[in-house]
1. Could you tell me whether LEU86 is buried (at least 18 other Cβ atoms within 10 Å of the Cβ) and among the aliphatic types (A, V, I, L, M)?
2. Does TRP194 satisfy the criteria of being surrounded by 14 or more Cβ atoms within 10 Å (Cβ to Cβ) and closer than 30 Å to TRP79 by Cα?
3. Can TYR51 be described as within 30 Å of GLY202 (Cβ to Cβ), surrounded by 11 or more Cβ atoms within 10 Å (Cβ to Cβ) and among the aromatic types (Phe, Trp, Tyr)?
4. Counting just the residues of segment 91-116 that are small (Gly, Ala, Ser) and in contact with an Asp or Glu (Cβ under 9 Å, 6 or more places away or on another chain), which one comes out nearest to TRP164 (Cα to Cα)?
5. Please find, among SER129, SER156, the residue that is of a type in the set (Gly, Ala, Ser) and either within 30 Å of PHE198 (Cβ to Cβ) or touching a helix residue (DSSP H, G or I) at 6+ places or on another chain (Cβ under 6 Å) (or both).
6. For THR113, work out the one condition from (1) farther than 25 Å from MET203 by Cα; (2) not in a helix (DSSP H, G or I) it doesn't fulfil.
7. If ASN165 passes every condition in (1) modelled with pLDDT of 90 or more; (2) more than 28 Å from the chain's Cα centre (by Cα); (3) polar (S, T, N, Q) but one, which one does it miss?
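The values are calculated or read from the model by the stated rules, or taken from the named source; none is laboratory data. Note that the structure is a prediction, hence the values are computed from the model and not measured. All Cβ positions, glycine included, derive from the backbone under ideal geometry; neighbour counts span all protein chains shown.
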Amino acid sequence: MEIKFADSFGKSIKKMIWHQHPVYKFYELFRYKIPMFFKNLWFFRKELFEYRKWDYTFNLGLLRRSLEGTVDYIDFKGWEIDSSRLKKVSKMRRAIEILNNIESHTYIEMAETKLGKLDSFEIEFERVSETPELYQLIENETESQKKHRRSVYDLSEQLEKDEWNELWTILRGQDRNEYKTFLDSKEVKNGFEWDEWFDGSGMDNWWD
């Protein structure tokens, strides 16, 4: 059997070798990497300005911002076919939504949407009769208001827990072993089994 190579193959090999040369590395640094560094600084400017080492939400902010860049690229510039690409886009946008909810602590408002607004009241204090130099909080809530407040807080905690678990399920992705079971269950093999099974989750799938 005779094996032939197109001219483009030789050019590709030469290009790969050239890209490993120290001269090209020096050129690449100033032509691409340094400009990209400043471009990234601008892209992450808000997150970098706000970043602190003592709280996990700052780590999530960097992840959220990086996903915003990735999802826009894959959504508007991706070469992948729509059937799988748009699934990825949907899962990424959902992950970003959850990260925004965690960062902005919106779960009380979400619970209020389902159960009704919490009643507002003025905080009042009174002197402690036994020790006049001390003050104690006056409870102005009725039993009904207390019960409602507890229900809202409990629901907000559950909503946050559910979204936290959903976030990591999205990032972790599907169990590839289950794909084998899915294949075995198919009576007719049409060549689109992966596309039927894949739901867009799994951070290791989010590339173009």
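1. No, not satisfied.
2. Values: surrounded by 14 or more Cβ atoms within 10 Å (Cβ to Cβ): no; closer than 30 Å to TRP79 by Cα: yes.
Spelling it out, it is not the case that TRP194 is surrounded by 14 or more Cβ atoms within 10 Å (Cβ to Cβ) and closer than 30 Å to TRP79 by Cα.
3. Judged against the criteria, TYR51 is a match.
4. Checked segment 91-116; the qualifying residue nearest to TRP164 (Cα to Cα) is ALA95.
5. Numbers: SER129 fails: either within 30 Å of PHE198 (Cβ to Cβ) or touching a helix residue (DSSP H, G or I) at 6+ places or on another chain (Cβ under 6 Å) (or both).
The unique qualifying residue is SER156.
6. Every condition holds for THR113 apart from (2).
7. (2)
Results for (1) part of a helix (DSSP H, G or I); (2) over 35 Å from the mean Cα position of the chain (by Cα), shown as yes or no for each residue.
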position: ILE13; (1), (2): yes, yes
position: ASN40; (1), (2): yes, no
position: ARG52; (1), (2): no, no
position: SER84; (1), (2): yes, no
